[in-house]
Amino acid sequence: MGTDAEPDLSRGDADFRITYGSQALKHEHSLQLHTDSVLAACAPGLLNGKSSLAPAQVLALPLIGIEWEKDYGAIPGWEAWAQSLKIPAKPARPVLDFSQAGAAIDAALAGHGVVLAQSAMLKADLDSGRLVAPLEHRLPLPEPYYLAWNPSSLYSQFAKELHQWLQQISQSIST
């Protein structure tokens, strides 16, 4: 079961935490990983054989929303996406709303609509063709992702290697 609750790393609730936003800075040890963006994606069948759509055509499809917890701040949703493209009309309310991005992406994979989700979370499905981007327009998230850790966890060789590996991945994403 997914949770957005922050573990208390100082008490050993977890060794590492990858989390979105500056609330990670409350942990004693943290590292900025990368700033992701949101991208519209849907099952290929929703495009009726087209390779891309105009912004208004994307907004005419059933929209899938992701409602993030208030602690994470204002995450770009369909309205912000439309505004960034200078679309004057306010988009329709999503036909489905999810609190977990994975569930929203699963609904898009099932053909229920277009999801506006983090590019990193969509990458494998886009690369495999299970999802397509009807319009290549990315909207950056307002804050980066962070890695936070309990320093005593780094006594383990495996934890040290994981920590180094995550830093390397972060550097490769940022370049």
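Figures for the structure shown
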{"read-out": "Within-15-Å neighbourhood charge of residue 84 [Cβ basis; K, R +1; D, E -1]", "value": "+1"}
{"read-out": "Sequence-distant residues sharing a close amide H with residue 36 (under 5 Å, placed H)", "value": "141, 145"}
{"read-out": "Degrees between helix 119-128 axis and first principal axis of the chain (Cα, 0 to 90, nearest 10)", "value": "60"}
{"read-out": "Highest average packing first - 109-119, 52-62, Cβ atoms within 10 Å", "value": "109-119, 52-62"}
{"read-out": "Counted charge near residue 166, where neighbours are those whose Cβ lies closer than 12 Å (Asp, Glu -1; Lys, Arg +1)", "value": "0"}
{"read-out": "Helix 157-174 axis, angle to the chain major axis (alpha carbon atoms, nearest 10°)", "value": "40"}
{"read-out": "Local electrostatic count, residue 94, Cβ distance below 12 Å [Lys/Arg +1, Asp/Glu -1]", "value": "-2"}
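Laboratory data are not the source of any read-out in this text; all were calculated from the coordinates shown. A quick note: this is a predicted structure, and the numbers were derived from the prediction, not measured. Every residue, glycine as well, gets a Cβ built from its backbone with ideal geometry; the counts of neighbours run over all protein chains shown.
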